[in-house]
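I have placed the structure first, in the form of structure tokens, so that the comments after it can refer back to it.
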């Protein structure tokens, strides 16, 4: 009886995997679909679907097969799913990875199988520096860059003291390191709060400390569900007038609609830095944002924009080798050229596969249709390269 | 010594403590009277937040959300008791753990299906969104609301337990269930009520916290462990124990999050202190439980003449 | 409880063991390398479940903190590897010693309690370990630790390659099954089983049940730690997440699904659990709903687990 069960398992597995084409491009995408962070995954799914629609599901006359997997916000699950994509689905490209720690856990599985790894969000310092790899490319940024841009802006504004709050994991620490490396004033205090699937969401203790510190400004990084929770508490503590807020990756197209619904006016006028904004004026971005707005009634987030770009980047490489994916060197060279219309405008790749790109200061405003969104105020960094490129031996 | 900070943190401690008490009181009653380990008690916390959120979205009134939500959770609790818990009273604790663990999965998935993966925001009426000033101290109004709500429920519970006949039955049941049964009391109805009451209190806690942190999937799963610690340390079946220990743990948790990193910095490097502090403050609660159990195995305030 | 190979269910078990022994070749032949991965992981967790069954099924000690030993075992590979120490013997001995010590200390305290208090205190200790590793910035903390090479042994028994690792796992599985089989039939085993049913009576017969149970607890922890060493090698990535209390809950399920107090039960339980997880998540992202429902139904209606179900064959 148990023998029978194992046999049927074998047959089922064979049936599942038996649909391998040689005439298609297989892309694996690791995202987060469950847990409250699944909202980001939903935005990414929408953007990837839109990208596939825009290219008609074809790259150089090959059909595109996309496998979307859920990491459940856990590094070991992400690694497992990556293994599955590489070993069972035999994909040509593995893209995605929202979270730095999931990327770090999974990258070996992709790179040691000689596949291409395209990060559409996570940008931990290790990947840009010591553990760089020729088959790794990013359509996002390196974690430190965005907060570095913010630090630069703070200096320009004449802010002399800062209180810092971020979650206690790889990206959180990178964000803090990024600001600290550029900011010239005094860091009055730093709180790294508990992160993970059961992240700390009540910041009463830390906000009280921030206020008591007498700092001139508050810097935070709270992606996902922590963002709205933090912003609410920030407003409820009445801190807008006492401790102005500067953030990275906290206020975005995912949190803004919820904040608007909860009438948290305190967030309007707050500033953040990013390598992209929905109002950037280029053809690809207009098409992406326009179609996304029309289809979904709201703005796409930077997660979505980067995911959209990852599909376009892959397409550019596949087309330049005319669909012949067996020549890895040619594919790699094509990827390295970044010869596609990115929604952020043109950029180039550094030796470590990280983009050399502009960073903008954005402000939270209300658009003509009454929706809260972000708008570019000025360019803080032009063609900025991440600080770890020199650690990379490529 | 920054007195303002200290007082703010004390107020925060009380808030956290009272929320824990709301959760733990129901848990300790269910545990004490029915001898039932309900890991999914945190799911009532979550459902309370979601029910309230949906009702507020539909009616625009926060108070309607709370009242109707409470009624809803009460009935949900009764339903769970009638369908599932009731069949398990005679079984061993392991079965309780397993079934309620499965229930957590079911509730989390149901919420995902019905409300989607993103959290539910609960907007507060304007007058609750501001701050209130006492001299040089500023507090968010809503946090004081939570504290008053928690104290009010604690007070009502106290009156219920100590001044009514129902309360007497509950106390008797917590001390010696078999005796109560043999006295001819309709034990089924008592259990049903206790379970539903516990669920409602957990739901109330969820409703109180959600406007601050948003209603999210699985929000009850980690606070429930702390609630269990409160119950064990306080003494199973003891409301008084739950109250004091909940406040104590609220105090330890908030104070350590606030001051531990400064304290550690005296001993180790700043970087090490920064990462160690949150982990150690999370751990303190468990250390407390282990220490208490080593010296007082039935908790600090066990109900008298226990039948265990 | 312990089947002889003569019975029909005994034959099923042996048949299964045989299949497991040639599995890598089967998967090679059908070109399914991913399935070998799944099975390898399943067997490792199976060994952990077997170790838990020793104290839970036979001994009635419900530990909600058993995965702490899996984690400690895995970190005993990861931390030396971080310092470029890859010797397998060091990893193994380190795992044995640390697990035994931790079990001795925590077991000594925990076993003074009973019932739900025991459950809670074991959970508390595992949460403590979880938070300790979470705070070890140097070894990755929440981000986890990546291991770049497997434990090294003399060439002819190394762990590199899916096949070799699989046979290491299979080897430990057979050893564990054999060891537990002998242990429960011995006098030691009788005392443990006896104290599960009536501790007071065993004590009145003159047995120091506390000592026996503590020894059993330590043995169980060490076996689990060894499984942890294999897990670390297999996943090449270790994070404190592995040690959260919900994973211990899952381990308890596997023992229950398989049938407590049976020799092979937990192995079935682990394999079914993991297979179900994989299969259900292919169907829908809401697989937790079905899974939770199954678990509830299983406890309410299915007594004794797979082992009891299979025993019906013998009637």
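All of the numbers you see were taken from the coordinates with simple rules; none came from a lab. Keep in mind it's a predicted model, so treat the numbers as computed, not measured. Using ideal geometry, Cβ is built from the backbone for each residue, glycine included, and neighbour counts are taken over all protein chains shown.
For this structure, a couple of remarks:
- From helices alone, chain C scores -24000 deg cm²/dmol at 222 nm; the rule is -39500 (n - 2.57) for each run of n ≥ 4 DSSP H residues, then divide by the residue total.
- Of all beta bridges that DSSP places with both ends in the protein assembly as shown, some 40 percent have antiparallel geometry.
- Expected 222 nm ellipticity per residue - DSSP helices of 4 or more, -39500 (n - 2.57), all of chain A, to 500: -12000 deg cm²/dmol
- Backbone N within segment C:227-271 under 18 Å of label point (7 Å from residue C:90 Cα along the Cβ vector): C:229-230, C:232-233
- Over segment B:12-218, the Kirkwood radius and the radius of gyration, each from Cα atoms, give a ratio Rg/Rh of 1.00.
- If the segment from residue B:141 to residue B:115 were pulled out straight at 0.36 nm per residue, it would be longer than the present Cα-Cα gap by 6.5 nm.
- Packing-based exposure ordering (other Cβ within 10 Å, fewest first) of A:99, C:245, A:372: C:245, A:372, A:99
- Once you reduce segment C:140-203 and segment C:46-100 to the center of their Cα atoms, the two points are 8 Å from each other.
- Other protein chain C-beta atoms within 10 Å of residue C-beta, averaged over A:75-82: 4.
- Highest mean packing comes first when the peptides B:35-44, B:70-79, C:29-38 are listed by Cβ atoms within 10 Å, giving B:35-44, B:70-79, C:29-38.
- Angstrom value of the Kirkwood radius, inverse mean 1/r, which spans all Cα pairs in the protein assembly as shown: 29.8
- Using 0.36 nm per residue and subtracting the Cα-Cα separation, the extra length available between residue A:333 and residue A:161 on full extension is 57.4 nm.
- When B:248, B:179, A:354 are arranged by Cβ crowding within 10 Å, least crowded first, meaning fewest neighbours, the order is B:179, B:248, A:354.
- D by Stokes-Einstein for chain A, Kirkwood Rh over Cα pairs, 25 °C, 0.890 mPa s: 114 µm²/s.
- Cα-based shape type of segment A:98-251, given that a ≥ b ≥ c are square roots of the gyration tensor eigenvalues and the cut on a/c is 1.5: prolate
- Segment B:130-154 versus segment A:79-100: alpha-carbon centroid distance in Å: 49
- Peptide A:225-238 has a mean shielding of 5, counted as Cβ atoms of other protein chains within 10 Å of each residue's Cβ.
- Across chain C, the relative contact order, built from alpha-carbon pairs under 8 Å that are at least six residues apart, equals 33 percent.
- Across A:212, A:51, A:338, mean-square fluctuation computed from a Gaussian network of chain A (C-alpha pairs under 10 Å connected) peaks at A:212.
- FRET efficiency for residue C:29 and residue A:23, using Cβ-Cβ distance with R0 set to 25 Å, rounded to 0.05: 0.40
- Inter-label distance for residue C:163 and residue B:156, nm, one decimal - labels placed 7 Å from Cα along Cα-to-Cβ: 7.0
- Helix-only mean residue ellipticity at 222 nm for chain B, each DSSP H run of n ≥ 4 adding -39500 (n - 2.57), per residue, nearest 500: -25500 deg cm²/dmol
- FRET E, pair residue B:64, residue C:112, Förster distance 45 Å, beta-carbon r, rounded to 0.05: 0.30
- C:143, A:92, A:368 arranged by Cβ crowding within 10 Å, fewest neighbours leading: A:368, A:92, C:143
- Degrees separating the helix A:328-337 axis from the principal Cα axis of chain A, which is the longest one: 30
- Net length available on complete extension from residue B:287 to residue B:79 is 71.3 nm, with 0.36 nm assigned per residue and the Cα-Cα distance removed.
- Rounded to 10°, Cα long-axis angle of helix A:283-296 versus longest principal axis of chain A: 90
- Between segment A:128-201 and segment C:277-303, the Cα center-to-center distance that results, in Å: 41
- Angle of helix B:3-34 to the longest C-alpha principal axis of chain B, folded into 0 to 90 degrees and rounded to 10: 10°.
- Residue by residue along B:253-265, Cβ atoms of other protein chains within 10 Å of the local Cβ number 3 on average.
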